[in-house]
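These notes are about the structure you will find just below.
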Amino acid sequence: MSAPIAKLREAAKLPPKDHLAIFDHYVALGRDLEYIAIKFGYDIPMIITILEGYGETVCPESCGRLKHLSQILMKEYIERFYPGIASENPQNDWINIEAYLDIYHPRWRDEVQKQTVNERKRLSRNKGLY
C-alpha cells in the first residue's frame, strides 16, 4: 500500500520523529487509530496517510503485529522512506516493513520470534506455570 503524493506532501510537514512514533505505536505497540490521533494531536486521516505511506494496510489485523521489532530497525525504515512511498510510483508497491527487512536484514524474523518466545516464557513464569 502507498499514499497519494498530495497527502504525502502534507505528511512531510510533520517531523520524522512523529512518523516514527506513529508507526511504532501502530505496528509494534498495537495502539488503535483513535488513541494515536489523541496522543499526537493529528486527525485520523493524517495518521492513516502516514501509515499507508510506509506500506501499511490499516486494519485491525495489522495493528500490533510486530510487537518485538527493534526500534532501531523501525527507525532505519522510516528514515529511508520518509515522508512515505507515493502511490504514483507502482514500482514501489512491494515496499512494506517486512519486505524491506527481508532484503536488508534477512534474520530479523528470527530475532522477533525469539523475543516473542522469551516473553511468553516470562509471562508463564509470572503466572506460576513454570
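Need the failing condition index for PHE23 against (1) assigned to a loop (DSSP other than H, G, I, E, B); (2) under 23 Å from GLU111 (Cβ atoms); (3) open to solvent by less than 40 Å² (accessible area, probe 1.4 Å), just the number.
Here PHE23 clears every test but (1).
Please tell me if LEU14 is aliphatic (A, V, I, L, M) and part of a loop (DSSP other than H, G, I, E, B). Spell out how you get there, then give the answer.
Working: aliphatic (A, V, I, L, M): yes; part of a loop (DSSP other than H, G, I, E, B): yes.
Criteria met by LEU14.
Report the residue count in the range 39-83 for those that are open to solvent by 20 Å² or more (accessible area, probe 1.4 Å), closer than 15 Å to LEU14 by Cα and of a type in the set (Gly, Ala, Ser).
Residues that pass the stated criteria total 1.
Tell me, yes or no, whether the range 1-10 has at least one residue that is touching a residue at least 24 places away in the same chain (Cβ under 8 Å), buried (at least 20 other Cβ atoms within 10 Å of the Cβ) and in a loop (DSSP other than H, G, I, E, B).
yes
Name the residue, out of GLN91, GLN71, GLN113, that is on the phi < 0 side of the Ramachandran plot, polar (S, T, N, Q) and touching a His at 6+ places or on another chain (Cβ under 9 Å).
Values: GLN91 fails: touching a His at 6+ places or on another chain (Cβ under 9 Å); GLN71 fails: touching a His at 6+ places or on another chain (Cβ under 9 Å).
Just one listed residue meets the conditions, GLN113.
Keeping to the range 93-130, report how many residues are among the aromatic types (Phe, Trp, Tyr), farther than 17 Å from HIS68 by Cα and modelled with pLDDT of 80 or more.
Narrowing the range 93-130 to residues among the aromatic types (Phe, Trp, Tyr): 94, 100, 104, 108, 130.
Checking which are farther than 17 Å from HIS68 by Cα leaves us with 94, 104, 130.
With the extra rule that they be modelled with pLDDT of 80 or more, the set shrinks to 94, 104.
Qualifying residue count for the region: 2.
Quick check: anything in the range 117-128 surrounded by fewer than 15 Cβ atoms within 10 Å (Cβ to Cβ) and touching a helix residue (DSSP H, G or I) at 6+ places or on another chain (Cβ under 9 Å)? Even if it seems obvious, please write down each step before you answer.
Here is the first cut: in the range 117-128, the residues surrounded by fewer than 15 Cβ atoms within 10 Å (Cβ to Cβ) are 117-128.
Cutting the leftovers down to touching a helix residue (DSSP H, G or I) at 6+ places or on another chain (Cβ under 9 Å) gives us none.
So far as the range 117-128 goes, no, none of its residues is surrounded by fewer than 15 Cβ atoms within 10 Å (Cβ to Cβ) and touching a helix residue (DSSP H, G or I) at 6+ places or on another chain (Cβ under 9 Å).
Which of the residues belonging to the range 53-90 are in contact (Cβ under 8 Å) with a residue 24 or more places away in the chain and of a type in the set (A, V, I, L, M, F, W, C)?
VAL58, CYS63, LEU66, LEU69, LEU73, MET74, ILE78, PHE81, ILE85, ALA86
For the range 94-112, what are the residues that are in contact (Cβ under 8 Å) with a residue 12 or more places away in the chain and over 25 Å from ASP18 (Cβ atoms)?
GLU111
The values are calculated or read from the model by the stated rules, or taken from the named source; none is laboratory data. Everything numeric here is computed off the predicted structure, so don't read it as measured data. Please note: Cβ atoms are built from the backbone with ideal geometry, for glycine as well, and neighbour counts cover all protein chains shown. Ligands, DNA and RNA are stripped out before the accessible areas are found, and what is left, the full protein with its side chains, is counted by its heavy atoms. Shrake-Rupley method; radii C 1.70, N 1.55, O 1.52, S 1.80 Å.
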